Number of protein chains: 2
Amino acid sequence: MSIPNRIESLRKLMNDRQIDVYLVPSDDNHQSEYVGEHFKSRAFITGFTGSAGTAFIAKDSAGLFTDGRYFVQAAKQLKGSGVELFKMREPGVPTLEEHLYNIVPENGVLGFDGRVVSMNLGKELEALLAKKGATLKTDSDLIDMVWEDRPSLSKEPAFYLEEKYTGESIVSKLARVREAMKEKQADYHVIAALDDINWIVNLRGNDISYFPLLLSYAVITADEMLLYIDECKLNDEILSKLAEANIKIRPYNDIYNDVLTLEAGKKVLIDPKRINYELYNLLSKNMVIIEAENPTVLMKAMKNETELANFRIAQVKDGVALTRFMKWVKEAFADPAVDPEITELSAIDKLEEFRQQQPDYIRQSFDPIIAYGENAALPHYSPTVESNAKVMPGNFLLADTGGGYMQGSTDITRTFALGEIPAVQKRDFTLVMLGNLHLGNAVFFENTYGYELDILARQPLMRYGLNFNHGTGHGIGYLMNIHEAPVNIRPYGKGAENGHPLMLGMIATNEPGYYLEGSYGIRTENEIVVNLRQHTENRDIYEFEAITYVPIDLDAVDESIMTDADKALLNAYHKMVYEKLSPHLTDDECIWLKHYTREI
Amino acid sequence: MSIPNRIESLRKLMNDRQIDVYLVPSDDNHQSEYVGEHFKSRAFITGFTGSAGTAFIAKDSAGLFTDGRYFVQAAKQLKGSGVELFKMREPGVPTLEEHLYNIVPENGVLGFDGRVVSMNLGKELEALLAKKGATLKTDSDLIDMVWEDRPSLSKEPAFYLEEKYTGESIVSKLARVREAMKEKQADYHVIAALDDINWIVNLRGNDISYFPLLLSYAVITADEMLLYIDECKLNDEILSKLAEANIKIRPYNDIYNDVLTLEAGKKVLIDPKRINYELYNLLSKNMVIIEAENPTVLMKAMKNETELANFRIAQVKDGVALTRFMKWVKEAFADPAVDPEITELSAIDKLEEFRQQQPDYIRQSFDPIIAYGENAALPHYSPTVESNAKVMPGNFLLADTGGGYMQGSTDITRTFALGEIPAVQKRDFTLVMLGNLHLGNAVFFENTYGYELDILARQPLMRYGLNFNHGTGHGIGYLMNIHEAPVNIRPYGKGAENGHPLMLGMIATNEPGYYLEGSYGIRTENEIVVNLRQHTENRDIYEFEAITYVPIDLDAVDESIMTDADKALLNAYHKMVYEKLSPHLTDDECIWLKHYTREI
């Protein structure tokens, strides 16, 4: 069925139901960062396959809102579909909300599947359209009725993470969640965020791209937990673990009926940032809503000793894979006469091969970025068959990739100099590295926010008039979301007041960069853990521990702009890298690594 | 009249007016940091003369709330007065608000002079007491009726700051204020903060302690400004300057009648942090209140080029005075056999003598702190006849003082080693100095907040488990408030969301310290200006310029914990100090200064 035919079928259904405009976003029912095939409704109805974009279908128009990353791709894919491209944040282009307000008629109806729209967006649209007497209709998924060969919901099996991985039993986690509910005087706690639920039940699965998560919802009371999940994914071991914690299984989609049967007038705790509009809507009919961050957000972010020990193990494995990759790349370009015929995509394959040699490797942490030369200066670049650049000497190869192991997930970026590179590129590489080393060397007291430290990562660049236009660090999940809330290291800005300070056991990335459009891109990313440095009478003093073990390419370092203290930091880091990795490498590899972790 | 007699007279007046409890705070009508003699009502009614404290008189009790600095002094001064001491923030002691809520009877009346209570506190008390049906009576100053020999309001003459000092005419400043009023759609702007008014009219006076300000109020409209001030303070030159700007003079206290005659229903801009409760109360009867920061707050904080050039001149003068003081102190202790008979108070006199030798010197910027040894570890210590310590070799002498010149005000702290001091004191001195140098060397982009840089001043100390329990920097007024809003460099905390980022021309203090109770205190304070370092395509890059020129005592520096980069920073600073000061010193003094600004 062609896109115009699909849209035509949708319009018939809209007409039957007196819906004037139908909204089709990119989300799944859980507002996940990546979604499974079943949830790619927006791609189905428009033909645009990018990761971000929201479509609307009106009676006589249809459109897609997407951002600058996707203008070219969307224009190509929308050709002939009858779907108009709205280039977000370009001059003269309305916002999605403005446009919907304009096209929904007075007293009209905006429809969408309330499960794939966040509570906050749904409430915003509801309030906005009320100004012209228009209402929302959110209780049905019209795309599902049009999409004949729609991929079914994932049936992939779940797997259990033993306590040697999680460091905490389901029973203990549930007890902590219930303690938090009690503090908020909540009778019920409804959770829709996959990572929050998967964390509590110590389960993982394979239901969405990249993040090994299980599609599920949860309803928790003082003595019971209902887990909404396709039971066929759960083996006997898992079922018995869940039963031990008095967790009852319900069919995945039953939550939408069940929440209507919760005791009216009781208090239910939900996280307005982490629940869909439909659930909120149903819950608010009969219950008192307590809006607060899911208590699991902070619990999950503060890794326990077992998790931290595992993370270090995963990082050693990933460090071995990345070091082999670095050696492979470096050796390929060692002799300028030889054409090693490496491309961005072939490099991705090679790195994946090295990762797969590692025990307990599960999958990539996210869509890998391996970018050569000017491609590395593009924000959010991932190589495609069309963009795939051949890797040549004289510029940088940037690799921002990660691996998921039973022992945790990694997110590591290294930038490699291929052959001889210009002095200015060495200078910029060194400045980025200094930002990474200085932030990693921070000492700060408890109750310090990420934005109080960000300056450390930017000052070396700023002394040369340079900067980078992204945050310096984000949180990392344990075999789950690679961008995990609430950890954030970036300049102060909107939303900062809702954040948490950096707390013991939190893991952040430390990833300053520099990008020169049309020329090159540099980023050096370690993961860093918040550790106690010193207990004091007043505020305790914290520090970071770098837990990423991959050489920072000395071929790209300009020693002349480093102080002795800078050199000491780099040398100490490289000494640790050698100590961590060498027991897992061949003699040849050790000789090579010794050279690339040598003292300067 | 004894204190009990004064309280008895007050109670009679309260009784006549059906007031149950009468509140007597420390403020003047403008919530100034220092107040004139006329406004010391709380000292009059309780006998307690400390700078901070709030008294209440009820029918059968009376009390004084004050903080830890004053527990000893207050206990002594309140003896026999019948006034009970409430030690603020001690366990079991209620807050002022809690206590008032408890003692004001149901449907009772709390009285105070609404001019000496801030709008925010007044509103808070109003809302709190409404819960038990109680009301406020704020339209009379009962203390004035009891206080027979009350000092009259200051009659000291005003002086005009020519444009060579201010860099901007009254007409230009008023135009900018009116532009801001227009943006906020305000018909009237009522100002009660002395520094805001004095800044607009380019006048200064001598009406309160330390800050050379004139008691005044202002009402500004699109074409007129009413200045409420005792006209006898204004000479003909001033009167003609004011007339040129179409500024009309009204008697100081007439504003309380005049605001009732403003056009009803019009919009009036007031700053809830910078106006008293009585004015707010009167204005809100008939007008629409727009609450916003006085536009002058930001204008005044961003010093113009003329002001900055003057500040540098004032700092050279003060640098000369302080350097002579340092030389005097150092030489007195050069020969351990000689007893130089110096005390904290005699040192204050000596420093004042050096300041008075400087042209255009007006007065001290604030109550000077010269503290020896363990006294320097006490927060807010200023020497008194009782505490006055004799200065001896083997410890630090800390001097936190400032001078007001026609060219601006200074606030400078230096800590001097007397004779040989223990190694640990040298280490701590060096760590404090490094915090000062590192913050002073910061590079940051526009829109950066003070709390994003504070870490730089604390990291050297924190690496050794040390810290200091006060902010790192505050703004500085030009011959006015020495703590000038909104500049603030301190860790993120309450109120941060209302602040402004660091903007070009702002001056901050840079004053890390370290205090070991019972032993010693260290603080090194420079003033720093926010300058443009580099214009870029995105956010411009800023840096600080240290404009305080006084040697940092090399006798107390431990070079072994400094990197080469640290030494370069110190040497560059000292080189500048020598260059700035030496043209104003005798040959002897130059030789001495050369030694104390030598390269290390």
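Expressed in units of 2.2 N^0.38 Å, where N is the residue count, the Cα radius of gyration of the range B:31-109 is 1.11. 3J(HN,Hα) along the range B:547-554, derived from phi through the Karplus expression 6.51 cos²θ - 1.76 cosθ + 1.60 where θ = phi - 60°, amounts to 10, 9, 10, 9, x, 8, 4, 5 Hz, with x in place of Gly and Pro. Reported to the nearest whole Å, the Cα centre-to-centre distance from the range B:257-283 to the range A:528-600 is 62.
Beta bridges from DSSP with both residues in chain A: antiparallel share about 75 percent, rounded to the nearest 5. Using R0 = 30 Å, the C-beta based FRET efficiency linking A:SER560 and A:GLN356 works out to 0.15.
State the volume of the convex hull built on the alpha-carbon positions of the range B:161-270, expressed per residue in Å³ and rounded to an integer. Spell out each step's value before the answer.
Details: hull volume 11.0 nm³, N = 110.
Taking only Cα atoms, the range B:161-270 has a hull volume of 100 Å³ per residue.
Sequence-distant contacts, meaning Cα pairs under 8 Å at least 6 residues apart, place the relative contact order of the range B:81-144 at 36 percent. The per residue volume of the convex hull around the alpha-carbon atoms of the range B:439-498 is 112 Å³. Under 15 Å from a label point set 7 Å out along the Cα-to-Cβ vector of A:ASN571, the amide N atoms of the range B:555-589 belong to B:563-564.
Centre-to-centre separation between the Cα atoms of the range B:111-165 and those of the range A:430-456: 47 Å. Ascending distances from the B:GLU37 label point to its copies in the other chains, with the point 7 Å along the Cα-to-beta-carbon line: 9.1 nm.
Determine, at each q value in 0.22, 0.30 (inverse angstroms), the log₁₀ of I(q)/I(0) that the Debye formula gives when each Cα of the range B:246-289 is one equal point scatterer. Results for the range B:246-289 at q = 0.22, 0.30 Å⁻¹ read -0.80, -1.16.
Remark: the range B:132-137, residue by residue, has Karplus-estimated 3J(HN,Hα) of 10, x, 7, 10, 9, 10 Hz, where x stands for each Gly or Pro and the curve is 6.51 cos²θ - 1.76 cosθ + 1.60 at θ = phi - 60°. Loop-located trypsin sites (Lys or Arg not before Pro) in the range A:172-208 (DSSP state other than H, G, I, E, B) with a sparse environment of at most 16 neighbouring Cβ atoms within 10 Å: A:LYS184. Each residue, B:GLU420 and A:ALA222, gets one label point 7 Å from its Cα in the Cβ direction; the gap between the two is 7.1 nm. For the range A:61-86, backbone nitrogen atoms closer than 14 Å to the point 7 Å from A:ASP367 Cα along Cα-to-C-beta are found at A:66-74. In chain B, the longest principal axis of the Cα atoms and the axis of helix B:305-332 are about 60 degrees apart.
With all distinct Cα pairs included, what does the Kirkwood hydrodynamic radius of the range A:466-526 come out to in Å, to one decimal, could you say?
Numbers: mean 1/r = 0.0773 Å⁻¹.
Its Kirkwood hydrodynamic radius stands at 12.9 Å.
Given axes a ≥ b ≥ c from the Cα gyration tensor, I'd like to know whether the range A:424-474 is rounded (a/c under 1.5), prolate (a/b larger than b/c) or oblate. Note, shape of the range A:424-474 comes out prolate. Based on every Cα atom in the range A:314-464, Rg and the maximum pairwise Cα distance Dmax equal 16.9, 56 Å.
Averaged over every viewing direction, what's the projected area of the C-alpha convex hull for the range A:414-533? Give it in nm², one decimal, please. Let's see the in-between values first.
On the way: hull surface 34.3 nm².
Averaging across all directions leaves 8.6 nm² for the Cα convex hull.
The distance separating the Cα centre of the range A:43-93 from that of the range B:305-334 comes to 66 Å.
Would you please give the FRET efficiency between A:GLU579 and B:GLU97, computed as 1/(1 + (r/R0)^6) with r the Cβ-Cβ distance and R0 = 41 Å, to the nearest 0.05? All intermediate terms of the calculation are to be shown ahead of the outcome.
On the way: r = 59 Å, r/R0 = 1.44.
FRET efficiency, A:GLU579 to B:GLU97: 0.10.
Of the peptides B:261-269, B:186-194, the ranking by mean beta-carbon count within 10 Å, highest at the top, reads B:186-194, B:261-269. Note on the range A:219-293: percent of Cα-Cα distances in each 10 Å bin, starting at 0 and stopping at the bin with the largest distance, equals 17, 46, 29, 8. Taking the C-alpha atoms only, the angle from helix B:587-596 to the longest principal axis of chain B is near 90 degrees.
Shown here are the Rg and Dmax of the Cα trace of the range A:213-365, at 23.5, 77 Å.
So, counting K/R as plus one and D/E as minus one, what does the shell of residues with Cβ under 11 Å around A:GLU484 add up to? Could you put the intermediate results ahead of the total?
On the way: positive: A:LYS300, A:LYS303; negative: A:GLU33, A:ASP195, A:ASP196, A:ASP411.
Net charge in that neighbourhood comes out at -2.
Applying D = kT/(6 pi eta Rh) to the range B:127-177, where Rh is the Kirkwood radius over alpha-carbon pairs, T corresponds to 37 °C and eta to 0.692 mPa s, the Stokes-Einstein value obtained is 199 µm²/s.
Label-point spacing at A:LYS59 relative to the other copies reads 7.5 nm, in ascending order, each point sitting 7 Å out from Cα along Cα→Cβ.
Can you check how the C-alpha radius of gyration of the protein assembly as shown compares to 2.2 N^0.38 Å, as a plain ratio?
Values: Rg = 34.6 Å, N = 1200, 2.2 N^0.38 = 32.5 Å.
Normalised Cα radius of gyration, the protein assembly as shown: 1.06.
Looking only at the protein assembly as shown, where both bridge partners belong to it, what percent of the DSSP beta bridges are antiparallel (to the nearest 5)? Bridges in the protein assembly as shown that DSSP calls antiparallel: roughly 75 percent. Candidates A:ILE275, A:LEU194, A:LEU322 compared by Cα position along the dipole of the protein assembly as shown: farthest toward the positive end lies A:ILE275, with charges placed on Cβ.
The spread of Cα positions in chain B, taken along each principal axis and listed from longest to shortest, comes to 71, 58, 45 Å. Across the range A:330-374, Cα-Cα pairs more than 15 Å apart make up 55 percent of the total. From the Kirkwood radius over Cα pairs of the range B:1-74, Stokes-Einstein at 37 °C and 0.692 mPa s returns a whole-number translational diffusion coefficient of 254 µm²/s.
With a/c under 1.5 counting as rounded, go ahead and sort the range A:1-135 into rounded, prolate or oblate using the C-alpha gyration tensor (a ≥ b ≥ c being the square roots of the eigenvalues; past the cut-off, prolate if a/b is larger than b/c, else oblate). Because its axes are fairly even, with a/c under 1.5, the range A:1-135 counts as rounded. Extent of the range B:68-178 along its three principal axes (Cα atoms, max minus min coordinate, largest first): 55, 36, 34 Å.
Measuring nothing but how far apart in sequence close Cα pairs (under 8 Å, 6+ apart) lie, relative to its length, chain A scores a relative contact order of 11 percent.
If a/c stays under 1.5 just call it rounded; otherwise compare a/b with b/c (prolate if a/b is bigger, oblate if not). Do that for the range A:111-231, with a ≥ b ≥ c from the square roots of the Cα gyration tensor eigenvalues. Spell out each step's value before the answer.
Details: a/c = 2.92, a/b = 1.39, b/c = 2.10.
Because a/c hits 1.5 or more and a/b fails to exceed b/c, the range A:111-231 counts as oblate.
Restricting the range A:374-477 to GluC sites (Glu not before Pro) that sit in a DSSP loop and have at most 15 other Cβ atoms within 10 Å of their own Cβ leaves A:GLU386, A:GLU420.
Helix B:344-356 axis versus longest C-alpha principal axis of chain B: approximately 90°, rounded to the nearest ten. Each copy carries a label point for A:ALA75 at 7 Å from Cα toward Cβ; from one copy, the others' points are 8.0 nm away, ordered from shortest. Its Cα gyration tensor gives the range A:516-570 an equivalent ellipsoid, and the semi-axes of that ellipsoid, as √(5λ) in whole Å with the largest first, are 31, 16, 12.
Here the mean projected area of the convex hull built on the C-alpha positions of the range A:450-600 is 12.1 nm².
Between A:ASN447 and A:ALA130, what is 0.36 nm times their sequence separation minus the Cα-Cα distance? Round to one decimal in nm. It would help to have the intermediate numbers written out before the result.
Working: separation 317, 0.36 × 317 = 114.12 nm, distance 4.19 nm.
Fully extending the segment from A:ASN447 to A:ALA130 adds 109.9 nm.
Percent of C-alpha pairs per 5 Å bin in the range A:56-96, short distances first: 5, 25, 31, 25, 13, 1.
Computed from the coordinates by the stated procedures, all read-outs in this text should not be read as laboratory data. All values reported here derive from a predicted model rather than from experimental measurement. Cβ coordinates were reconstructed from backbone atoms using ideal geometry, including for glycine residues, and neighbour counts include every protein chain displayed.
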